[in-house]
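Novice: Below is one structure. I have some questions about it.
The values are calculated or read from the model by the stated rules, or taken from the named source; none is laboratory data. Quantities reported herein were computed from a predicted structural model and do not represent experimental measurements. Because the Cβ atoms are built from the backbone with ideal geometry, glycine has one as well, and the counts that use them run over all protein chains shown.
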Amino acid sequence: MNKMLSVEKKHMHRLALTRRFFDALLTIIIYVIIVIVFVLPLVYILGNSVRDSKGIWDNAYPATWKTFIPNKRITLNNYEMALGIDPIGKTLGMDISHNLWISLASSCCVVSSSLVFNTAAAYFFGRLKFPGKKYLLIYVMATMMIPQQVVIVPLYLVAEKLNIINTFWALIVPWYASPFVVFLLTQFMSDIPREYDEAAIIDGANYWQILLKVIIPNIIPGLMTVSLMEFQFIWNEFYWPMIAVNNKNLYPIQVAIASQFTESAPSWGIVFSGMLLASAPIILLFLFLQRYFFESVAMTGLKG
């Protein structure tokens, strides 16, 4: 009887080990597939950004490892032409250095205004008591469900009345506040214990002092997260700038790259290098701020 139990235990142990092995193997396979799906396009862009057009088309089909990783005729001339350092790049109209500054300036301006207006609005909804707050918050949240394409015409008409069409302000004013960011910051502020506000009021603090000295220091990860999201949204914005701005000197980077796809065939090496230059700031920004991003995710599961 004891031998049978021992054999059965060994069998169950082997089954458990086998199951763990296949679970781990399946997890690794899934992770590898995810990495391939997300990283492979970036590797393709990186590899072709250091080739000339002939090298790109010679290795385009059939797809092999040479399609993604260049093995000869590697050059950085595409980046020089994309940034307008090389005179040929300016001749082809691919000087995107100015467009990078336009995207950077507009993104920073929107993030700055967003932190001011959205934080104040979130404090209004998350910490203060007033009649009808629930219904007003529902109204703000409902605006999140409206696609941008639906409001693009009235938005254009408002911008035209403000005389900001075809100006730098057209890239900033429509996005100075965001209902999504207001909602997200409201959730962060709602998780902070109310006792903090009461203690500050007892010490003689007003609402603005509570916001600046009590609330904001406790939601730094949340503020960094929404700043990263807003920066990425404005940096990648394409539809509205394409409509609101027709001056090439005001094109953000995404519109500047898309403007290369005309009836004449684009210089693909320069286009790929421009794509990589447009992606690099977002990737680097996330790498530097990922700690705050993960902290904010962890905070959403905690109640004070």
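Novice: Return the pairs, sorted by first residue and then second, in which the second residue is surrounded by fewer than 16 Cβ atoms within 10 Å (Cβ to Cβ), the first residue lies in segment 53-70 and is assigned to a loop (DSSP other than H, G, I, E, B), the beta carbons are less than 7 Å apart, and the residues are 6+ apart or on different chains.
Specialist: If the second residue must be surrounded by fewer than 16 Cβ atoms within 10 Å (Cβ to Cβ), the pairs left are N59/K66.
Novice: Of all residues in segment 260-289, count the ones that are of a type in the set (G, A, S), at pLDDT below 80 and touching a helix residue (DSSP H, G or I) at 6+ places or on another chain (Cβ under 7 Å).
Specialist: Matching residues across segment 260-289 total 2.
Novice: So which residues in segment 167-223 are of a type in the set (D, E) and either free of Cβ contacts under 8 Å to residues at least 40 places away in the same chain or outside the structural domain of P252 (by TED's automatic domain parsing) (or both), if there are any at all?
Specialist: Of everything in segment 167-223, those that are of a type in the set (D, E) and either free of Cβ contacts under 8 Å to residues at least 40 places away in the same chain or outside the structural domain of P252 (by TED's automatic domain parsing) (or both) turn out to be E195, E198, D203.
Novice: Also, I was wondering about something else. Restrict the check to segment 190-207 and report whether at least one residue is surrounded by 15 or more Cβ atoms within 10 Å (Cβ to Cβ), at pLDDT 85 or above and assigned to a loop (DSSP other than H, G, I, E, B).
Specialist: no
Novice: Report, by residue number, each residue of segment 241-254 that is touching a helix residue (DSSP H, G or I) at 6+ places or on another chain (Cβ under 7 Å) and touching a residue at least 60 places away in the same chain (Cβ under 8 Å).
Specialist: As a first pass, look at segment 241-254 and keep what is touching a helix residue (DSSP H, G or I) at 6+ places or on another chain (Cβ under 7 Å): 241-245, 249-254.
Matches in segment 241-254: P241, I243, A244, V245, N249, L250, Y251, P252, I253, Q254.
Novice: Among what's in segment 127-172 and is loosely packed, with under 10 Cβ neighbours inside 10 Å and among the aromatic types (F, W, Y), pick the residue that is nearest to the chain's Cα centre (by Cα).
Specialist: Here the residue is Y135.
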